[in-house]
């Protein structure tokens, strides 16, 4: 029996700023027994949608639906983009003759950790010979729209060498919020500082999360403050893909914590 096919939707932040997350995601899905393909793609339309440009968002969304609907599943390393697709695409196409196709497609869209736990039942994860002390940030969209909370923690529990230290207010926004961080810069920075302070208080070396956009925001703020805290996407830890610098670090920079020996 042929392996089921997954269309990997990399997302804009992964494609433009952290391709290693896309490669780690593909490696995990292939290890779970699926065939992974990356069809032509662009944005999911969330930026347009959140700024009231519904016609533009619908046009982008339809392109994505057509590109990915031939696959058994569409998987994303992002709760934010997965929430946009599965929750908001049907509303975008309400009253449109294309709605049945959109709804069928959306039922087969999954965020990475949810897919690995709830569909693939995958537990053969990386065994990091050097202990990794981590804390985890629950991004807003994934937590509130998709219920992503237990899944990443379950996977980290199967990942040898990982010690998870929960921070205070892990479910509170980091301050990114798309254009929110541009429109309300001071408020956004204050929220990021609170999140980073909570992460530091755990004594963990790594701050993990499931959305590169949030992690870029936190890593940028951590660099401005000169904090000794690495920031990575959970897919990189689960796949053992720790050879390159953490988010926001140049090659050779940082303390070396959380890197493969």
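Between 161, 79, 52, find the one with the highest GNM mean-square fluctuation for the chain; connect C-alpha pairs within less than 10 Å. Sorting by GNM fluctuation, first place goes to 52.
If R0 is taken as 35 Å, the Cβ-Cβ distance between residue 99 and residue 5 corresponds to a FRET efficiency of 0.90.
With neighbours defined as other Cβ atoms within 10 Å of a residue's Cβ, the residues 81, 173 order from fewest to most as 173, 81. Remark: the residue 243-residue 38 segment gains 71.5 nm on full extension, using 0.36 nm per residue and subtracting the alpha carbon distance.
Model label points for residue 225 and residue 66, set 7 angstrom from Cα along the Cα-to-Cβ axis, are 4.6 nm apart.
Short to long, the 10 Å bins of the Cα pair-distance histogram for segment 5-118 hold 15, 50, 30, 6, 0 percent of all pairs. The convex hull of the Cα atoms of segment 65-162, projected and averaged over all directions, covers 7.0 nm². Principal axis extents of the Cα atoms in segment 126-238, from largest to smallest and rounded to whole angstrom, are 42, 33, 22. With viscosity 1.306 mPa s and temperature 10 °C, the Kirkwood radius over alpha carbon pairs of the chain converts through Stokes-Einstein to a diffusion coefficient of 85 µm²/s. Against the chain, whose longest principal axis is taken from its Cα atoms, helix 19-31 shows a tilt of about 70°. The gain in end-to-end length when the residue 197 to residue 171 segment is fully stretched comes to 7.9 nm, 0.36 nm per residue minus the alpha carbon separation.
Coordinate-derived values only; no laboratory data. What you are looking at is a predicted structure, and each value in this text was computed from that prediction instead of being measured. Using ideal geometry, Cβ is built from the backbone for each residue, glycine included, and neighbour counts are taken over all protein chains shown.
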